[in-house]
Amino acid sequence: MQDLLQKIESYKNEIEAFNSTDNKEVEEFRIKWLGTKGLVKATMGEMKNVPNEQKREAGQILNEFKQFAETHYEALKTASDGSEQQATDIDLTLPGDETPLGSRHPISLMRNQIISIFQRLGFAVAEGPEIEDDWHNFTALNMPTHHPARDMQDTFYVEAGQNAAVDWLLRTHTSNTQIRVMEKGKLPIRVICPGRVYRNETISARSHCFFHQVEGLYIDENVSFADLKQTLYFFVREMYGQDVRVRFRPSYFPFTEPSAEMDVSCFICGGKGCNICKKTGWVEILGCGMVHPNVLQNAGINPDKYSGFAFGMGVERPAMLKYGINDIRLFSENDVRFLKQFTSAT
Ligand code: DAH
């Protein structure tokens, strides 16, 4: 009996020390201890050697030993099943979770397209401030105080404190950047200036109080109106196709002389007349002209030696035409259902 008790004690220690979550090892443990030829059964068999008066006590001890082995086995089994479960939960053949791609804003797409065409002609990109002083937005552009042309652009003025020496405003056009580039004094100049502009206009489907423009400026010796035309011809063909027709109409801007507006044959109806071109067959896309000598002088460039051309175009309208957008407010409402339609657009 004493021998039996000692044996059970050491078996228990051995069982307790066994720990594994490996299915195969746990199964080996079961065969070794709880199998039909296992040690638990063999130990139970030793009952027959126990003297009758101790059988009751020995039976209890043996039963308890058997339970001990079974409980330990159950615990091992649960742990190893769990680990197996975990491994099989992951189906490596399933496609991964989709990470939604962000998309470029349609205004950025259109602006980048315009810029890249002029970059191929050697134009560099220049940017100017959106909060601007009166000089760069108006006066230097040949629009002194009280010039009637200022009324063409309803201006947001910025409260700048009582003793401010100059009037501050939100730029009404990207032409301010012309002056800023010229003031740097590095000639010749060939720049394209994209940016946001602001005007105090009632917000509707067709107009907004902020929108985007791209300005162009070319200054060198002997620049002529023919250079202006060739540059813009190249641009519209790249932008709207080789078959597009172009016409210049005389116009007025204080900062250019002569001034013109450029129309292209309607790229929706091909010139036949539709709602987009108001049945005229033409769509106005930009203003342009030869830089006024006063403007060159205001920016410190000698107008007797240098001449140049400038142009300015809106970004919203061509983007609306290209992507079939009928309300300018959609551009600034940040509705993801609108924006995500341009994920694969160029
Ligand atoms: N600044 C003008 C506007 O906002 C557009 C413009 C016209 C820019 C003629 C120019 C230009 O550089 O030469 O309406």
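No value in this document is a laboratory result; all are computed from the given coordinates. Everything quoted here is computed from the prediction, not taken from an experiment. Cβ placement follows ideal geometry from the backbone for every residue including glycine, while neighbour counts extend to all protein chains displayed.
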Next on the checklist: Under the rule of at least 5 residues apart or a separate chain, name every residue whose amide H is placed under 5 Å from the amide H of residue 172.
Outcome noted: 198
Next on the checklist: Explain nothing, just the number: dipole magnitude of segment 3-91 about its Cα centre with +1 on each Lys and Arg Cβ and -1 on each Asp and Glu Cβ, in debye rounded to the nearest 20.
Outcome noted: 600 debye
Checklist entry - In whole Å, what is the distance between the alpha-carbon centres of segment 242-292 and segment 111-165? => result 22 Å
Item to check | Greater than 24 Å apart at Cα, pairs in 7/37; 12/37; 184/229; 55/77; 12/55 | outcome: 184/229; 55/77
Checklist entry - From the phi of every residue in segment 196-202, what ³J(HN,Hα) in whole Hz does the Karplus formula 6.51 cos²θ - 1.76 cosθ + 1.60 yield, where θ is phi - 60° and glycine or proline is x? => result 9, 10, 10, 9, 7, 10, 5
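Mind checking the full-extension length gain between residue 3 and residue 220? Use 0.36 nm per residue of separation minus the Cα-Cα distance, one decimal, nm.
Value of the extension gain: 66.9 nm.
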Item to check | Built amide H within the under 5 Å cut-off of residue 273, gap 5+ | outcome: 281
Checklist outcome for this item: For the chain, any Cys whose C-beta has no other cysteine C-beta under 4.7 angstrom counts as unpaired, and these are 193, 209, 288
Checklist entry - Modelled label-to-label distance, residue 227 and residue 157, 7 Å Cα→beta-carbon offset: nm? => result 3.8 nm
Next on the checklist: Tell me which of 313, 128, 178 sits at the most positive position along the dipole axis of the chain, charges placed on C-beta atoms (Lys, Arg +1; Asp, Glu -1).
Outcome noted: 313
Checklist entry - With r defined as the distance between the Cβ atoms of residue 329 and residue 104 and R0 fixed at 22 Å, what FRET efficiency is calculated, to the nearest 0.05? => result 0.70
Next on the checklist: How charged is the neighbourhood of residue 229? Take every other residue with its Cβ under 14 Å from the Cβ of residue 229, and add Lys/Arg as +1 and Asp/Glu as -1.
Outcome noted: +1
Checklist entry - If only Cα atoms are counted, what is the Rg of the chain, and what is its Dmax, in Å? => result 42.1, 132
Checklist entry - Rounded to the nearest 0.05, what FRET efficiency do residue 27 and residue 91 have when you use their Cβ-Cβ distance and R0 = 25 Å? => result 0.45
Checklist outcome for this item: When the charge dipole of the chain is computed with +1 on Lys and Arg Cβ and -1 on Asp and Glu Cβ about the Cα centre, the Cα farthest towards its positive end, among 298, 324, 282, belongs to 282
Checklist entry - What's the center-to-center distance, using Cα atoms, between segment 14-75 and segment 181-235 in Å? => result 92 Å
Item to check | Net charge dipole size for segment 158-237 [Lys, Arg +1 and Asp, Glu -1 on Cβ; Debye, nearest 20] | outcome: 300 debye
Item to check | Antiparallel %, DSSP beta bridges [both residues in the chain], to 5 | outcome: 95 percent
Checklist entry - Cα gyration tensor of segment 250-338, axes a ≥ b ≥ c as square roots of the eigenvalues: rounded (a/c below 1.5), prolate (a/b > b/c) or oblate? => result oblate
Item to check | Estimated [θ] at 222 nm from DSSP helical runs (n ≥ 4, -39500 (n - 2.57)) normalised by residues in the chain, nearest 500 | outcome: -12000 deg cm²/dmol
Checklist entry - Can you list the GluC sites (Glu not before Pro) in segment 182-260 that are in a DSSP coil and have 14 or fewer other beta carbons within 10 angstrom? => result 201, 221
Checklist outcome for this item: To the nearest 0.05, the calculated FRET efficiency linking residue 60 and residue 14 through their beta-carbon distance, R0 being 25 Å, is 0.75
Item to check | Positive dipole terminus of segment 16-140, leading residue within 68, 117, 35 (C-beta point charges) | outcome: 35
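For the chain, with only Lys/Arg (+1) and Asp/Glu (-1) charged at the beta-carbon, what is the dipole magnitude about the Cα centre, in debye rounded to 20?
The calculation lands at about 1400 debye.
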Item to check | Under 5 Å, built H, 5+ apart or other chain: amide partners of residue 126 | outcome: 192, 193
Item to check | Computed over segment 1-97: relative contact order in percent, which uses C-alpha pairs under 8 Å that are six or more apart | outcome: 38 percent
